[in-house]
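Notes to accompany the following structure.
The values are calculated or read from the model by the stated rules, or taken from the named source; none is laboratory data. All values derive from a computational prediction rather than experimental measurement. Don't worry about glycine lacking a Cβ; one is built from the backbone with ideal geometry, like all the others, and counts go over all protein chains shown. Surface accessibility is based on the protein's heavy atoms, side chains included, excluding ligands, DNA and RNA. Shrake-Rupley method; radii C 1.70, N 1.55, O 1.52, S 1.80 Å.
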Amino acid sequence: MYKLLKSDINLKEWEFEFQQRNKHTILMADFWCRAFYFYMPKEIKFKIPLLDYLITSLNYGYVKKEQKKEIIEKITNACKDDKYLKYVMSQTMARVAELDISANEVQNALKNNNSSNKKLIDLWNKLDATLIRVIPWFYIPWYISEYNILTNRVNDGLNRHRKEVEPITNLSTALITLIFPTKLAAFQHEQTDFYNLVSIAQKNKQFATDKIFKQKAGSYLKKYDWITTFPLLPLPPFTYPELIDKIKQAIKTNSILDFQKQQRAKAENDFLAQKLIKLLKNDKQLINDIEWAQELGYVLTASVENATKSAARHQGFFRKVARTLSIEEGELGYLTSLEILDYLKNNKSVDQKILKQRKIGYVFAIQKGILQASFGEEATNLALWIDELISNVDKNVKEIKGQVANPGLARGIVKIAPTPQDSYKLKDGEILVCAMTGPDYVPAMKRASAIVTDEGGLLSHAAIMSREFGKPCIVGTKVASRVLKTGDEIEVNANDGKITILKKAQDL
């Protein structure tokens, strides 16, 4: 790994691509960069350039403009073929399933007390190989969604049938309704199972100590304790005391009524979707595009959920590796995969001076196959320089535009939540603003009066969840989380895709 210098970064070549929805560690950046460069070209199934990538401790990722442009053009063209779409959907789920195989192996090794240095090295090598195969599949379907490659085709098809559709509903509502996945993801099952527990708890004030309730709660946690975790981060699973607090809050706010309202709205939307499908059934191409869009929406959500579940099952393995290296579990993220292997092979202690520098900040890049990095105060300054000159966000705008993911109107106070942990502080009725959402944002999404994201298309997690919860939602603003501040008062007009800043926090 070579030292990354300011002179190594030609800012004119790079553009902002994503903000991680949780802490992006050095270990994660190492996996991400190698996966993009060495495996994305193999996995995507058509010829693309070897991809340079750059990630900073600000949790921002950057890609070369021309390389990204070529990917989007080629993937848009490839998606015209149903065979390619089938490949994307099946391969996404198949690759993510490999994480479960890895989880089984590491759990069995720990269970059988087979965790010598030699075994840990073998397991780490296998996990490394698995992760860099899987990571491209967090992005290939995401590109299709982020750039609305499929949903634009559905929208064009609906425009062909404007005269037939508009007597029933407007085209925007028709689009959102038709592309909603018909398969249920884990978060939808979790909602039903959670409110079943709430229903039981409402009938017994001493529910927390009731034997039958504890059995049902144990089954719930066995299925969903991963929802508070995140890949490669030492975040603990959801616990029984946390579940009890969540149920008590649900009873206090009578949120079961909101859930029942959601279920009625979903039934109405399903009825409208069926009515529209019947109307459009003779347009075989449009029906085909609708089905692919629905499948993509499901795959995007289900693959992230499955990956998170599998990652949670690796936590014991990461703890074991950290203990072997005589460091805290969370400190493993400040090392690269190769460094971890080197420490294991040579039975060396981790230099605490190195960890101290890396905790301050980092910039990690791969260019022309060469890994480069900068750490410490120098890296923090470099990360700020990169963000300021590449992102170039005008923080004085009064209005932000995005794409309507679910219609509605809301006015309220902003809560910026760069990580799920930040979202836990969101109060009922506040407006959730973040880069993108995931399973760990769900509790806050339910409390929010509206949802605004920087990233995401009409099939993103935020879009699907907002429809499930009936919340006004605008996605793909690019800049909302960096223009707005916690405490700002805004209006979210998710009918027109506009966010208006009414009062800045310092003026309230």
With the condition kept exactly as written, say whether any residue in the range 442-449 is open to solvent by 30 Å² or more (accessible area, probe 1.4 Å) and without any contact (Cβ under 8 Å) to a residue 60 or more places away in the chain.
yes
Given the structure, is residue 83 on the phi < 0 side of the Ramachandran plot, among the basic types (Lys, Arg) and loosely packed, with under 15 Cβ neighbours inside 10 Å?
yes
Starting from the range 6-34, keep only residues that are farther than 19 Å from residue 331 by Cβ and assigned to a helix (DSSP H, G or I), then list their pairs with residues that are of a type outside the set (Val, Ile, Thr) and open to solvent by 50 Å² or more (accessible area, probe 1.4 Å) whose Cβ atoms are within a distance under 7 Å, requiring at least 6 positions of separation or different chains.
11/389; 13/65
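Quick grid of which residues meet (1) under 23 Å from residue 372 (Cα atoms); (2) in contact with a helix residue (DSSP H, G or I) (Cβ under 8 Å, 6 or more places away or on another chain); (3) among the charged types (D, E, K, R):
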residue: 13; (1), (2), (3): yes, yes, yes
residue: 32; (1), (2), (3): yes, yes, no
residue: 39; (1), (2), (3): yes, yes, no
residue: 42; (1), (2), (3): yes, no, yes
residue: 50; (1), (2), (3): yes, yes, no
residue: 56; (1), (2), (3): yes, yes, no
residue: 67; (1), (2), (3): yes, no, no
residue: 88; (1), (2), (3): no, yes, no
residue: 97; (1), (2), (3): no, yes, no
If we scan the range 249-269, do we find a residue that is open to solvent by 20 Å² or more (accessible area, probe 1.4 Å), farther than 20 Å from residue 444 by Cα and modelled with pLDDT of 95 or more?
no
So, residue 230, is that one open to solvent by 10 Å² or more (accessible area, probe 1.4 Å) and touching a helix residue (DSSP H, G or I) at 6+ places or on another chain (Cβ under 8 Å) or not?
yes
Looking at (1) at pLDDT below 95; (2) under 27 Å from residue 273 (Cα atoms); (3) open to solvent by 50 Å² or more (accessible area, probe 1.4 Å), find the lone condition where residue 166 falls short.
(1)
Considering 475, 483, 479, which residue is closer than 21 Å to residue 171 by Cβ, among the hydrophobic types (A, V, I, L, M, F, W, C) and crowded, with 16+ Cβ neighbours inside 10 Å?
475
Consider the range 170-202. How many of its residues are closer than 15 Å to residue 248 by Cα, β-branched (Val, Ile, Thr) and open to solvent by less than 20 Å² (accessible area, probe 1.4 Å)?
1
Only unsatisfied item for residue 365, checking (1) part of a helix (DSSP H, G or I); (2) more than 24 Å from residue 227 (Cβ to Cβ); (3) among the hydrophobic types (A, V, I, L, M, F, W, C); (4) open to solvent by less than 10 Å² (accessible area, probe 1.4 Å), is (1)
Is the range 38-61 home to any residue that is closer than 26 Å to residue 389 by Cβ, among the charged types (D, E, K, R) and surrounded by 23 or more Cβ atoms within 10 Å (Cβ to Cβ)?
no
Counting only residues that are out of contact with any helix residue (DSSP H, G or I) (no Cβ under 7 Å at 6 or more places or on another chain) and either touching a residue at least 40 places away in the same chain (Cβ under 8 Å) or β-branched (Val, Ile, Thr) (or both), which one in the range 369-378 is least open to solvent (accessible area, probe 1.4 Å)?
373
Look through the range 399-440, keep the residues that are of a type in the set (Lys, Arg) and either in a strand (DSSP E or B) or closer than 19 Å to residue 18 by Cβ (or both), and return whichever of them is least open to solvent (accessible area, probe 1.4 Å).
415
Residues satisfying the stated conditions in the range 368-382, i.e. of a type in the set (Gly, Ala, Ser) and either assigned to a strand (DSSP E or B) or farther than 19 Å from residue 335 by Cβ (or both)
369, 373, 374
In the range 339-357, which residues are open to solvent by less than 40 Å² (accessible area, probe 1.4 Å), in contact (Cβ under 8 Å) with a residue 60 or more places away in the chain and not aliphatic (A, V, I, L, M)?
none
Please determine whether any residue of the range 280-296 is closer than 23 Å to residue 24 by Cβ, crowded, with 18+ Cβ neighbours inside 10 Å and touching a Ser or Thr at 6+ places or on another chain (Cβ under 8 Å).
no
Identify, by number, the condition in (1) modelled with pLDDT of 90 or more; (2) in contact with a helix residue (DSSP H, G or I) (Cβ under 9 Å, 6 or more places away or on another chain); (3) of a type outside the set (Phe, Trp, Tyr) that residue 412 doesn't meet.
(2)
Looking for whichever is basic (Lys, Arg) and within 29 Å of residue 152 (Cβ to Cβ) here; the options are 309, 252, 266, 246. Which one fits?
266
Going through 487, 470, 456 one at a time, which residue ends up being touching a residue at least 40 places away in the same chain (Cβ under 8 Å), within 25 Å of residue 149 (Cβ to Cβ) and not aliphatic (A, V, I, L, M)?
456
Those helices (runs of 4 or more DSSP H) completely within the range 48-155 that have 1 or more residues that are over 21 Å from the mean Cα position of the chain (by Cα) and of a type outside the set (Phe, Trp, Tyr) are 65-78, 82-111, 117-134
What is the number of the single condition among (1) surrounded by fewer than 18 Cβ atoms within 10 Å (Cβ to Cβ); (2) at pLDDT 95 or above; (3) not in a helix (DSSP H, G or I) that residue 396 does not meet?
(2)
